[in-house]
Amino acid sequence: MNDTPEQPQQNTTALLDRVGRHLARKNRPLSFDPVVEAVFQTDTAADRNRQTIVAGLFALVFFNGFIVIDAITRPEILGMSALIRLCFVTPICLAALFWLRRSPPQWIRDSVLTCCAILIALGSNYLLYIATSDEAHYSAFSFGLIVIGANIVLHIGFNAALATTVGCCVVTAFFLHATPDLNWSERNLPVYYMAAMGVITLVANYRLEGNLRHAYLLMLRERLNAQEVRRINEQLNAYSYTDALTGIANRRRFEQFLQSAWTEALVSGETMSLLVIDVDFFKRYNDSFGHPAGDACLQQVARAIEGQTRGDNDLPARLGGEEFAVLLRHTETIQAETAASRIHRAMSQLGLSHGRPDGNGYVTVSIGLASATPRHDGSAAGELVEAADKALYQAKRHGRNRTILADRAA
């Protein structure tokens, strides 16, 4: 059984530490350190872009709705208004919104939206510039809606919102001062109102972004804490089923797996086999080389046994002391004999020196083998274990370093 990977644990712990440092700050910054910022962008980009596209479409409908206002207040530019709004500004902005579906980085997204907002300001100001009706200049007071739409509705980043506000104010001031027959108030008050709207929306944008990021940090901390608790529980669960010395399954896991495999075989009608393995003369090995060497011996024996199993289909386990077992699902007796032979061969190749009384110079194992085809006749998984134990006892009696087959338990 494999240990729980440490890398995800390290990443989660490090990220939790970074999140904690951000939350400990008194202010609410508009950006995080590169690691947390990358996680934030990954988690929020798709949803943010989706909301921006919906808001952008609504803004374009609102922008084009001013064609009706132009028809009432500035009929002399109605054709040009429809041309600029529907054939120039709208297609460009629609293309930009469509491109946002690719979820570009935030700075690119904000730059594109800033350009769209300034483009709308250019189109609106140009229509004001060419209008000749007496009430045309009043439309300049509506240009502040562009800033509100960009900074709040589209919710672009603060730096982009600042650039949008300055850009729209500059464009509006330029066209108003270039428009003839306007007095000082008509040239400057719309810019003042736009700038005032810009300041108000920038404050709102800053607080909105800060609160959004703070809420995200709280959510991320809870998510990471939940992941950490889940990881710890999984690790504790793995430890409860793992033999601490050898790293393979322990008796608890073996008994659970045995019962599960027995129930499965009852349904499928397939045969299962069990190898019960004991290290020969292990007490003498401990007495000769010491307990640390004995522990190392058991670890190597466990690895040798595990190396001869078939992944998830088989379960190698340490039952206690120097006794091991391998449960072989979907395995007939002849296949189990082959597996036992591989284990004997692996022990021979391991070649652990052992001064034993029978003259064999290396560590060997004795194996009891039993097979069963579970049926609904009252037989139980414990009978398979009992049969394999009896076979192991016979292997010990007949000279060790061998495999003895039990009679079929069922």
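Quick notes on this structure:
- Condition met for residue 237 (at pLDDT below 95, under 26 Å from residue 16 (Cβ atoms) and either surrounded by fewer than 16 Cβ atoms within 10 Å (Cβ to Cβ) or not aromatic (Phe, Trp, Tyr) (or both)): yes
Condition check ((1) free of Cβ contacts under 8 Å to residues at least 24 places away in the same chain; (2) among the acidic types (Asp, Glu); (3) at positive phi) across all residues:
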{"position": "18", "(1), (2), (3)": "yes, no, no"}
{"position": "24", "(1), (2), (3)": "yes, no, no"}
{"position": "42", "(1), (2), (3)": "yes, no, no"}
{"position": "51", "(1), (2), (3)": "no, no, no"}
{"position": "59", "(1), (2), (3)": "no, no, no"}
{"position": "70", "(1), (2), (3)": "no, yes, no"}
{"position": "77", "(1), (2), (3)": "no, no, no"}
{"position": "90", "(1), (2), (3)": "no, no, no"}
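- Residue ranges of helices (runs of 4 or more DSSP H) in the stretch 264-383 with at least 1 members surrounded by fewer than 15 Cβ atoms within 10 Å (Cβ to Cβ) and in contact with a strand residue (DSSP E or B) (Cβ under 8 Å, 6 or more places away or on another chain): 333-350
- Selection from the stretch 14-32 of residues that are over 14 Å from residue 216 (Cα atoms) and assigned to a loop (DSSP other than H, G, I, E, B): 25, 26, 27
- Contacts under 9 angstrom Cβ, first residue in the stretch 235-248 being on the phi < 0 side of the Ramachandran plot and in contact (Cβ under 8 Å) with a residue 40 or more places away in the chain, partner aliphatic (A, V, I, L, M) and assigned to a helix (DSSP H, G or I), 6 or more apart: 243/302; 245/298; 245/302; 246/298; 246/301; 246/302; 248/302; 248/305
- Single residue of the stretch 209-232 satisfying the filter (without any contact (Cβ under 8 Å) to a residue 24 or more places away in the chain and more than 18 Å from the chain's Cα centre (by Cα)) that is surrounded by the fewest Cβ atoms within 10 Å (Cβ to Cβ): 215
- Hey, residue 132 modelled with pLDDT under 90 and in contact with a Phe, Trp or Tyr (Cβ under 6 Å, 6 or more places away or on another chain) or not: no
- Unmet requirement for residue 173, which otherwise passes all of (1) crowded, with 17+ Cβ neighbours inside 10 Å; (2) touching a residue at least 40 places away in the same chain (Cβ under 8 Å); (3) farther than 20 Å from residue 54 by Cβ: (2)
- If you go through the stretch 240-250 and keep only what is exposed (fewer than 13 other Cβ atoms within 10 Å of the Cβ) and assigned to a loop (DSSP other than H, G, I, E, B), you end up with just 244.
- Within the stretch 94-114, at least one residue is crowded, with 17+ Cβ neighbours inside 10 Å and either farther than 23 Å from residue 158 by Cα or acidic (Asp, Glu) (or both).
- Unique residue being farther than 30 Å from residue 12 by Cα and at pLDDT 90 or above when the list is 269, 290: 290
Residue-wise test of (1) more than 30 Å from residue 24 (Cβ to Cβ); (2) of a type in the set (Gly, Ala, Ser); (3) assigned to a helix (DSSP H, G or I).
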residue: 170; (1), (2), (3): yes, no, yes
residue: 182; (1), (2), (3): yes, no, no
residue: 197; (1), (2), (3): yes, no, yes
residue: 202; (1), (2), (3): no, no, yes
residue: 217; (1), (2), (3): no, no, yes
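- Qualifying residue in the stretch 117-137 (condition: touching a Ser or Thr at 6+ places or on another chain (Cβ under 8 Å), surrounded by fewer than 17 Cβ atoms within 10 Å (Cβ to Cβ) and outside any helix (DSSP H, G or I)): yes
- Of all residues in the stretch 49-58, at least one satisfies being over 17 Å from residue 122 (Cα atoms) and among the small types (Gly, Ala, Ser).
The values are calculated or read from the model by the stated rules, or taken from the named source; none is laboratory data. These figures come from a predicted structure and were not determined experimentally. All Cβ positions, even for glycine, are placed from backbone atoms using ideal geometry, and neighbour counts span all protein chains on display.
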